[in-house]
Amino acid sequence: MRMTLLFTAVVATCASSAYAADTPPLQAQPLAMAPGAGTAAKPAFAGNAVSSPKLTAAIATRNDDGTLEVGCVEKPNPRAGKAPTRTPLPEAQ
Amino acid sequence: MMSPRIRLSAFVATFGALVSSAAFAATALTPGTPLTVNFGANTLITNAYIDVDASAKQLTVNMTGSGGDVDLFLRYGSPFPDTANCSTAATAPPCLSYDMIQRYAQYHSMSSSSNESIVVTNASTIPLTAGRWYITAINGSKSSATATLTATPSTTVATANIALDFGNPSTNSTDPTQSCDVAPWSDATAASAVGGNPGTTLGDQRKNALQYAVQQLAQQLNSPVPITVHACWAHLGGTATRATLAHASSTSLAFTDTSFPMPWLAKRYTWYSNTQIARMGGTTPCGALGGSCVGVDGDVVEITFNSDIGTAGVLGGSPFYFGYTPDNSTNSSDFIAIAMHEITHGLGFLGLANTDPSAGPIGARAGITKSATTVTYQNYDLGPWDDVFGDSIVDVGADMQSYTPFFGYELNSQPNNAARAAAMTSGNTVTTTSTGTRFAPTLLRWSDPLAVNSSANQATGPAPNNFPSLYAPCDVTKTTACSTSVGSTLSHTVQQGDLMNAFYNAGQSRMMGLAQPMLAAMGWSNAPAPAATFAKPFTGIWYDRAHSGHGLDFRFVGHDDLGDNYFLIFYTYDASGAVEIFQSQGHVVDGVYVPAIIGPDGSTLVRMHYDPVAKKATPVAVTGGSIVVDFNQAANSPACRAIDRSAEVNAGLLLGVLSWKFVDQSSPPNTLEQGDWCIQPLTTLAQNASPDLGGLYYGGSSDSGWGFSVLDVNRGSQGNQVALDFYFGDASGKPVWAVANALPFVNGQPIPLMQNAAGYCRSCTPVKQNPVQIGTITLNLDASNPANDTATINANLPGGAFVRNNVRIYNIGVAQQP
């Protein structure tokens, strides 16, 4: 799928070049700045994202006869007290 | 008589800019043909559009660019605001902000790059529908960018893969169990083919098996949105008798509320995993939530296998089984079955109600700390919120006939924690079978019909007997005989052989079983979705019972391309308890009041200054105010759950979450004050008199800066009641307010003007109101001929008086939108 997306992007880029030869690019219009926005209009946000408080773990128990019994448990996520595992970092300002 | 638009404009000149219905600029896109756009720093294009016909099942919108940070926004049916909608009365263009565009959007992709993508299908929450889809792209960066925009409808829905990230290792020296070792994926130890897995090295067999596992899931989920799972190993240890085989979780959770809109999430104020957010939003998790998509940041699930499995000291050396065919042995661990099970948890098959007694009350819902990075089950600063898994669970009565929602309506004090805890420990019958311990059907049941009516459901009988049971051992702490077996509460099924059974079965099939329809209820459905519906607020006075005395005068003034147009006055008290007002103007978009920028500093909630000589008001230079009101699903919000509103909820009264904020001019700005209030209408439209004299009145363009709203309520035999909020300026030019009330209302009869001498600040504990009379207002309102409408006002204030004698007044309010 990643390859597919890359290919699509290449096609799009090529097609864009052809299109651009015929049609002048649009020129974007100014955007208002929110109070205190600084130099970039995009706000610094983290999208309400947090790490999951739980993870799930498959745990095996070995019986006396050598057989395994496997169950799944919810456990506290050791990363839950920290920033999200994949932190949506504040946007570059 | 002036036309409504001219009168409206005159009023606007009084209070600031009002979005008009001027024609908007639009750029037609040719399907599949890129449009190149040059973006300067902090610029945008609004309302490129693509017309979709009824044969389309999928629409893919891509932005591919370099430089800057271009983000993508999409909505159906009505356009985004553009510069043609900006007023010239109070602010010169630009008048569009990032926040405003985001709030108009129904879908967005806003990663930190300029490469964005959105996929909408006929199964999306706001489904692909024939008609015009509008696209806005913003470069919110201080750097310029060049990007191409492409929109491609399709008559088929593509199926995407679940990709695996076998790279991006990490080392955690203090806790090795949190490391991500990727070397085992390339272990060159020779291996014999097993169960159809052709790998000739241990590393290849491991990779093949995991790829097979996600392939099975992808084929059964048929998601049009690609997701990526980070695949890791770590030394998770173990003993001769017990060991963790693998663990997994989604990489983050989030919810949507007024602070961060994601309208494609079916449930507001509800936790979703990032996999569900990306799936429903048709984008990447970074596109949905912001941030980088590069490398490990683009992964939505992380699964970690125990690299100690198979070593002599752990489980007697019992290894993983990497075959594609099910493992019938009871002496090894089926890698594929375990991977499918754990990754399915990461896809959102996880209830968040607390199951850890050390983390807070059992059954508690999850909230967060103010830093918004820590989930907690107690002493939270924000929340708590339901989660989408728990929203489909019910607590069945012992009679097996009645049942109640697992979450349902409750207060923040969480009186239902105990009930949830009881349901989560309701399965106290143990059966030992050849393949492990089994628990009897429980009182913790899954009620969504997609699973109940699924062929995978083994439960039978009349509801709720046919609701699938969820695993609920008798003792959540697993310390008593009935629950010595491992296996968690809440997030597992019970029926034998099911992939998400709390216990692995020898010969476990590769079918998802109940997990498929259960996930479908949580955002993974591929069935065509009905058209989205949104709340429809109405004109009138709205207030929060927990902040009585403050409120919103919310006045419908017309309809245009962008939606229903409202004028809003936030009547409140300042820090000293003195009356003050702020103003806002904007549109109700998909059930959300989205304000326009009307302040010189970009504010959407503005303090005005009244000039008694010029007889007009203008916005002050700096207010730092913002406001938004979301009328969708407000009853589920923490704001509305802060006090008992069951009477309003049960009566079907529309509620809204009013989010207001004031910031300073620092960069980034410091928040000076903010609040989320739960508002409800003082009266409903059905209570209005007929003919209805209600509306929003002012003195015309040559005598502006003041006005009043009228509620005209039918009180039966008592006559019609007029409740009036009067807005004007005090001697210093500060906008203030007073109220008047007449029952029955009689034209020409003076009505006392009352003002609260000692109110209370927005963050203060309510105090008893102390109204004092400051004058009178006398109205002559003629429903049959509004040209006869007049008012006489005598309001006495410290330092001066506000007086008008029999002046013509104009009603710009409209009783109700079409």
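Values as computed for the structure displayed
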read-out: Under the Karplus curve 6.51 cos²θ - 1.76 cosθ + 1.60, θ = phi - 60°, whole-Hz ³J(HN,Hα) for the stretch B:99-108, x wherever Gly or Pro sits; value: 4, 5, 4, 4, 6, 6, 5, 9, 9, 9
read-out: Net charge over other residues, Cβ less than 12 angstrom from the Cβ of B:A742 (K, R count +1; D, E count -1); value: 0
read-out: Whole-Hz ³J(HN,Hα) from phi, Karplus 6.51 cos²θ - 1.76 cosθ + 1.60, for the stretch B:194-207, glycine and proline x; value: 9, x, x, 7, x, x, 9, 10, 4, x, 5, 5, 4, 5
read-out: Rg to Rh, two decimals, where the protein assembly as shown supplies the alpha carbon set and Rh follows Kirkwood; value: 1.02
read-out: Whole-Hz ³J(HN,Hα) from phi, Karplus 6.51 cos²θ - 1.76 cosθ + 1.60, for the stretch B:674-684, glycine and proline x; value: 7, x, 10, 10, 9, 9, 9, x, 5, 9, 9
read-out: Neighbouring partner chain Cβ atoms per residue of B:150-156, average, 10 Å criterion; value: 1
read-out: Reachable lysines, given that their alpha-carbon falls under 21 Å from the alpha-carbon of B:K536 and they are not under 8 places away in the same chain; value: B:K267
read-out: Scattering curve values for the stretch B:750-818, log₁₀ I(q)/I(0), Debye with Cα scatterers, q = 0.13, 0.22, 0.29 Å⁻¹; value: -0.58, -0.95, -1.19
read-out: Where the Cα pairs of the stretch B:682-818 fall when distances are cut into 10 Å bins, in %; value: 11, 41, 34, 13, 1
read-out: Calculated [θ] (222 nm, deg cm²/dmol) that DSSP helices of n ≥ 4 give over chain B, each run adding -39,500 (n - 2.57); value: -3000 deg cm²/dmol
read-out: Size of electric dipole in chain B: Cβ of Lys, Arg +1 and of Asp, Glu -1, about Cα centre, debye, nearest 20; value: 860
read-out: For chain B, with +1 on Lys and Arg beta carbons and -1 on Asp and Glu, the positive-most of B:Q219, B:T765, B:M100 along the dipole; value: B:T765
read-out: Exercise: per-residue mean of other protein chain Cβ atoms within 10 Å, B:37-44; value: 6
read-out: Proximal lysines relative to B:K615, as straight alpha-carbon distance under 17 Å, when same-chain residues fewer than 8 apart are discounted; value: B:K734
read-out: The stretch B:719-818: chymotrypsin sites (Phe, Trp or Tyr not before Pro) in DSSP coil with no more than 14 other Cβ atoms inside 10 Å; value: none
read-out: Proximal aspartates and glutamates to A:K42, defined as alpha-carbon separation beneath 13 angstrom and excluding residues fewer than eight positions away on the same chain; value: A:E91, B:D69, B:D71, B:D99
read-out: Cβ-based net charge around B:P326, under 12 Å, with every Lys or Arg adding one and every Asp or Glu removing one; value: -1
read-out: Loop-exposed trypsin sites (Lys or Arg not before Pro) per DSSP, neighbour cap 14 Cβ within 10 angstrom, longest uninterrupted part of chain B; value: B:1-369
read-out: Per-selection metrics, chain B (Cα): Rg and Dmax in Å; value: 30.3, 100
read-out: In range of the label at B:Q718: residues from the stretch B:727-750 whose backbone nitrogen is under 13 Å from the point 7 Å along Cα→Cβ; value: B:741-745
read-out: Neighbour-limited loop hits for chymotrypsin sites (Phe, Trp or Tyr not before Pro), the stretch B:632-687 (at most 13 other Cβ within 10 Å; DSSP other than H, G, I, E, B); value: none
read-out: Inverse mean reciprocal Cα-Cα distance (Kirkwood Rh) of the stretch B:273-413, Å; value: 18.7
read-out: Residue mean of other protein chain beta carbons inside 10 Å, B:239-249; value: 6
read-out: Amide H contacts of B:N688 (H built 1.01 Å from N, under 5 Å, at least 5 apart or other chain); value: B:N714
read-out: Long-range amide H partners of B:C180 with built H, under 5 Å; value: B:S170, B:T171, B:N172
read-out: Amide proton proximity set for B:A366, modelled H, under 5 Å, gap of 5+; value: B:W385
read-out: Cα centroid separation - the stretch B:596-610 against the stretch B:138-216, whole Å; value: 49
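Each value in this text was obtained by applying a stated rule to the coordinates, not by laboratory testing. All values reported here derive from a predicted model rather than from experimental measurement. So basically every Cβ, Gly included, is an ideal-geometry build from the backbone, and we count neighbours across all protein chains shown.
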